[in-house]
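These notes concern the structure reproduced below.
The values are calculated or read from the model by the stated rules, or taken from the named source; none is laboratory data. Bear in mind that the values here come from a model prediction, so they are computed numbers and not experimental data. Heads up, the Cβs are rebuilt from the backbone with ideal geometry, glycines too, and the neighbour counts pull from every protein chain shown.
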Amino acid sequence: MIDIEDFDQLQGYLRKTGRIGSQEAVSIRLLGGGVSNKTVLVIRSTGESWVIKQALTKLRVQSDWFSDPARIHVEANGLRYLPQVTPEGSTTPLVFEDTAENLLAMEAVPEPHHNWKQQLLSGELSREFFGQFAELLGSIHRESFRLRHELAPLFADKRYFKTLRLEPYYEYTATVVPQAAPFLEELVAWTLSRTDTLVHGDFSPKNVLLHRNRLVLLDHEVLHFGDPAFDVGFSLTHFLAKALHLPQKRSQFVEAALHYWKLYNDEVRGTPWAAQLAFRAAQHTLASLLARVCGRSPLEYLRREERALQQKIVVEMIIEKNCPTVDQVITGFSARTAEAELGAASRP
């Protein structure tokens, strides 16, 4: 097995396999930001740029977290088939896949581009991008349902979704927050029972690059046919956590989250699973908010006191069972955050 972070090894591999010329020199640099893959940028003498990814067996987090590196081939299939269900230009073309080395190469998004997560953390919110994000997720869910007879067999395997999402997020959190365990365990069982449509499983601003004012979606290794409400809750979590983290931008994040949810609903209206989506999406939002401060992969930008506050608020909302809709989760979480901060400020 080659190590793509060893640049001499990688260049030799590319030459040996005929991916580049036998005497061709390439420029290679590491790309950071991920925990589940080694990722490098390769710039060829022809001007072509590739991103090469190689899946890790042990993820780069503090706790022990393992997953079969063969999951990289789910991502390769995603790169092949997502163009059928997404707006044009929303994904990057696959260049090649190597099953023996558990790696793939895709075309790099051209410069200049920006990571949406970093833009949001800097306080830059664009209503247009939230709308595109809703359109993108709605298109994946709606169009893959339409093509379900072709796509469902290709994405039937939920093993990687279990090892990279349900176990480290929901199941692990249930062991450290016993008050939420019944809620999380029931949600896991429901989620595993669903085969409604194609679920991305990692639909977050971290995995979006902005290029020419359009969103490009990355990281497709946990794609599967399952519960679309998971994607909704997972994505909304990032907006609400940033609303807590950036109080001066809180009202804008709340408005953007409500706008995103409304537009997504418009995109999937008429599908047979849309009627029950709102309740489960609300549950997944609460579960993901809790998992991203108590699970194996906590949000790195939240300070310790912010994580504690997010945990306290979400556990209260889960126990009280008074947020059956996504709108109520969004506004309720924000209101409780503001109340807690006001109370802390008023104490001597």
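Somewhere in the range 46-54, is a residue among the acidic types (Asp, Glu) and within 16 Å of residue 96 (Cα to Cα)? Quick ask: steps written out before the conclusion?
First, pick out the residues of the range 46-54 that are among the acidic types (Asp, Glu): 48.
With the extra rule that they be within 16 Å of residue 96 (Cα to Cα), the set shrinks to 48.
Within the range 46-54, one or more residues are among the acidic types (Asp, Glu) and within 16 Å of residue 96 (Cα to Cα).
May I ask you to say which residue of 125, 79 is closer than 27 Å to residue 268 by Cβ and in the same structural domain as residue 267 (by TED's automatic domain parsing)?
On the way: 79 fails: in the same structural domain as residue 267 (by TED's automatic domain parsing).
Just a single option satisfies the conditions, and that option is 125.
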**Message:** Being over 20 Å from the mean Cα position of the chain (by Cα) and either modelled with pLDDT under 95 or of a type in the set (Val, Ile, Thr) (or both) narrows it down to one residue among 72, 52, 43; which is it?
**Reply:** 43
**Prompt:** How many residues are of a type in the set (Lys, Arg), crowded, with 17+ Cβ neighbours inside 10 Å and within 11 Å of residue 197 (Cα to Cα) if we restrict to the range 103-158?
**Reply:** 1
**Message:** Of everything in the range 174-214, what is touching a residue at least 60 places away in the same chain (Cβ under 8 Å), over 18 Å from the mean Cα position of the chain (by Cα) and under 26 Å from residue 116 (Cβ atoms)? Give them in sequence order.
**Reply:** 211, 213
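Any idea which of 145, 161, 155 is touching an Asp or Glu at 6+ places or on another chain (Cβ under 9 Å) and over 19 Å from residue 216 (Cβ atoms)?
Only one candidate passes the filter, namely 145.
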**Request:** Can you confirm whether the range 244-251 contains a residue that is crowded, with 22+ Cβ neighbours inside 10 Å, touching a residue at least 12 places away in the same chain (Cβ under 8 Å) and touching a helix residue (DSSP H, G or I) at 6+ places or on another chain (Cβ under 6 Å)?
**Result:** yes
**Among residues of the range 284-310, those that are over 18 Å from residue 232 (Cα atoms) and surrounded by fewer than 21 Cβ atoms within 10 Å (Cβ to Cβ), counted** = 13
**Item:** Among residues of the range 307-347, those that are assigned to a loop (DSSP other than H, G, I, E, B) and of a type in the set (D, E, K, R), counted
**Value:** 2
**Prompt:** List, please: which pairs have Cβ atoms under 7 Å, are six or more places apart or on different chains, and start with a residue in the range 71-92 that is on the phi < 0 side of the Ramachandran plot and end with one that is surrounded by 20 or more Cβ atoms within 10 Å (Cβ to Cβ) and among the charged types (D, E, K, R)?
**Reply:** 71/221; 72/53; 72/221; 74/221; 75/221
**Prompt:** Given the residues 247, 228, which is the only one that is farther than 22 Å from residue 335 by Cβ, at pLDDT 95 or above and not small (Gly, Ala, Ser)?
**Reply:** 228
**Fill in**
How many residues of the range 264-274 are farther than 19 Å from residue 148 by Cα and surrounded by fewer than 18 Cβ atoms within 10 Å (Cβ to Cβ)? The answer is 2
**Asked** Among the candidates 46, 39, which residue alone is out of contact with any strand residue (DSSP E or B) (no Cβ under 8 Å at 6 or more places or on another chain) and surrounded by fewer than 20 Cβ atoms within 10 Å (Cβ to Cβ)?
**Response** 46
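Listed here are the residues, each with its yes/no results for (1) buried (at least 21 other Cβ atoms within 10 Å of the Cβ); (2) of a type in the set (D, E, K, R); (3) closer than 19 Å to residue 282 by Cβ.
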residue: 201; (1), (2), (3): yes, no, yes
residue: 206; (1), (2), (3): no, yes, no
residue: 212; (1), (2), (3): no, yes, no
residue: 221; (1), (2), (3): yes, yes, no
residue: 232; (1), (2), (3): yes, no, yes
